[in-house]
Amino acid sequence: METILTINNLTKKFGYLTAVKDLSFTINKGNVYGILGPNGSGKSTTLGIVLNVVNKTQGSFHWFDGKTTTHDALKKVGAIIERPNFYPYMSAYQNLRLVCKIKDVDYSKIDEKLEIVGLLDRKDHKFKTYSLGMKQRLAIASALLNDPEILILDEPTNGLDPQGIHQIRSLIKQIASQGTTILLASHLLDEVEKVCSHVVVLRKGVKLYSGPVEEMISSHGFFELKSNKHDELISLLETDSKFGNIKVENGLVTAFLNEPMDATEFNTYMFNKGIILSHLVKRKESLEEQFLQLTDKLN
Amino acid sequence: MLRLINLELQKLLLNRASKVLIFISFILPFTVLVLSSIKINFFGFFTLELGELGIFNFPIIWHITTFFAAQFKFFFAIVVVSMIGNEYSNKTIKQNLIDGLSKKEFILSKFYTIVFFSLLATALIGVSSLLIGLYYSSYTEVAIIVRETDFLLAYFVKLVGFFSLCLYFGMLVKRSAFALGFLFVLFILENIILGLITWQFNYDLAEKIQNYFPLKSMYKLIDQPFQRIVMTKFPDKQEIAYDYAVHWYEIVIVIAWTALFVFLSYRLLKKRDL
């Protein structure tokens, strides 16, 4: 599989603070990656290093096959960092023309990309007159100008209203569906869950996990249960080795599985034991729950 | 190279403030030059015609026009520091680098622009001096006209040097106003050191050392022409004679400073986390 970005033992220190510690991972073509981590976990620093704006302390990284310089490689990358940064006194069109000059892209792309993000009718308005949502969409248009091999987004929905968030998300999904590799840094887990196939989880600059989303923790899912015979249900579950952790919250019993079991099998088993369930749902942990489990393990 | 200049010109010329300042920095010295060359009649009381003082004679005209035009370099200095300051305050420097401009290219695009505008200013002053000279000068032999055109070279080197200094201060403090303040601080500092050395040793030594300082070495390129004007009127007054010529070593000093400032700007950007 074609690799796009390889990071080896990357370390960044700001004085005494180690923002990124011995980080290694690889980004392959065609996947949608999420970098997860709480605020201050080193997501933006990592992206800053590979994007040539932050100097690394140790380690190495290379784009594509490693034969191009970083700044030439970046011409094949589209990236948005934190806030959209443009010249306030220039119009959207003029700003994008400048980006075209930097990236050696033909000007004809400008209108095409403005169309995608829905800013074509505002293209001659000055950037400073734009709302935050429009600025962020312009940033996406700018990142798409060179039809990038990989699109890097750092907290793309930060500070947007629900409508703006929705617009950006559907844009990202649309771009992902066209086969563009995406690297999305976020602390909003549902955002990552909705679009990403792979995740890298960071905490305090240390990598906790990298790989496909579904393999993040070895889990067989859990049942959410309700029954009239509440106490019997709990004692039954507690004695059964197939179940691990049992939680009760507002009368809702959550039983985590130690080994695979489907809902039909479970229901039959309960029925034979004389317990009639009034509520039975089998679920996998959401990314948020998985993430919290993963980060909690180290506390 | 053209790509980098083109890039910077778009940033500058679409910004109204820098457009106005660039316009002023070119038009003002030019206007002053033209105005001073025409005959001004003060309501019939007397007429002032600077041309009759002989200051527009070749070759002294090169000295005078470049000296006075250089005083207007401050306007473009504001443009230079603000073109760095704006990149930092808009965070567009970060975006430029992310978009695939290398740090070296970023500094070079600023430096090339400085060279470009310095060349333009030199050409403008050169052509207008030539025309005014041809009109007023008592001597128009080619050999005399081309004598002392090295003042034009000195003017160019002086501009590039001064703006490179502004570039470095802009990169250093990231804020336009502070960068201009730094220029003033440097000016005071150079004079304090001059005073200190004079106090410890003597003025001659102090001045010799000061001639190597950035601001003084740039100033020294084109010495003040007033004494020389007086000298043309009273050629027998030997005690006011002084060395006003442009010397190769003066140019070398300023070029060395220019190279140092550009290099330091690059190193600063390279080491800095944005």
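The values are calculated or read from the model by the stated rules, or taken from the named source; none is laboratory data. Predicted, not measured: the structure shown is a model, and the values here were computed from it. Counting neighbours? That spans all protein chains shown, and the Cβs are built from the backbone with ideal geometry, glycine included.
Here are the numbers for the structure shown:
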{"read-out": "Index of the failed condition, A:Gln136 passing every other in (1) more than 17 Å from B:Asn96 (Cβ to Cβ); (2) more than 23 Å from the chain's Cα centre (by Cα)", "value": "(2)"}
{"read-out": "Which numbered condition A:Ala141 misses (of (1) away from chain B (no Cβ under 14 Å); (2) in a helix (DSSP H, G or I))", "value": "(1)"}
{"read-out": "Flag if A:Gly59 is away from chain B (no Cβ under 14 Å), crowded, with 22+ Cβ neighbours inside 10 Å and either hydrophobic (A, V, I, L, M, F, W, C) or not in a helix (DSSP H, G or I) (or both)", "value": "no"}
{"read-out": "Residues within the range B:257-274 that are away from chain A (no Cβ under 12 Å) and buried (at least 17 other Cβ atoms within 10 Å of the Cβ), tallied", "value": "6"}
{"read-out": "From the options B:Leu165, B:Leu120, B:Leu134, B:Leu180, residue that is away from chain A (no Cβ under 14 Å), at pLDDT below 90, out of contact with any Asp or Glu (no Cβ under 8 Å at 6 or more places or on another chain) and farther than 30 Å from A:Pro148 by Cβ", "value": "B:Leu134"}
{"read-out": "Failed criterion for B:Leu274 (all others in (1) within 20 Å of B:Ser82 (Cβ to Cβ); (2) assigned to a helix (DSSP H, G or I) hold)", "value": "(2)"}
{"read-out": "Residue under evaluation A:Gly159, criteria (1) touching a Leu at 6+ places or on another chain (Cβ under 9 Å); (2) more than 14 Å from chain B (Cβ to nearest Cβ); (3) within 22 Å of A:Thr180 (Cβ to Cβ), criterion not met", "value": "(3)"}
{"read-out": "A:Ala185 under 20 Å from A:Glu115 (Cα atoms), modelled with pLDDT of 85 or more, small (Gly, Ala, Ser) and in contact with a helix residue (DSSP H, G or I) (Cβ under 9 Å, 6 or more places away or on another chain)", "value": "no"}
{"read-out": "Hey, A:Ser91 modelled with pLDDT under 90 and surrounded by 17 or more Cβ atoms within 10 Å (Cβ to Cβ) or not", "value": "no"}
{"read-out": "Scan of the range A:103-125 for residues that are buried (at least 16 other Cβ atoms within 10 Å of the Cβ) and not in a helix (DSSP H, G or I), ordered by number", "value": "A:Val105, A:Val117, A:Leu119, A:Lys123"}
{"read-out": "Output for the range A:63-95, where each listed residue is within 8 Å of another protein chain (Cβ to nearest Cβ) and aromatic (Phe, Trp, Tyr)", "value": "A:Phe86, A:Tyr87, A:Tyr89"}
{"read-out": "Complete set of residues in the range A:183-219 that are assigned to a loop (DSSP other than H, G, I, E, B), on the phi > 0 side of the Ramachandran plot and surrounded by fewer than 19 Cβ atoms within 10 Å (Cβ to Cβ)", "value": "A:Lys204"}
{"read-out": "Filtered residue count, the range A:1-23, keeping only those that are of a type in the set (Gly, Ala, Ser) and assigned to a strand (DSSP E or B)", "value": "1"}
{"read-out": "Some residue of the range B:58-77 being within 14 Å of chain A (Cβ to nearest Cβ), buried (at least 21 other Cβ atoms within 10 Å of the Cβ) and at pLDDT 90 or above", "value": "no"}
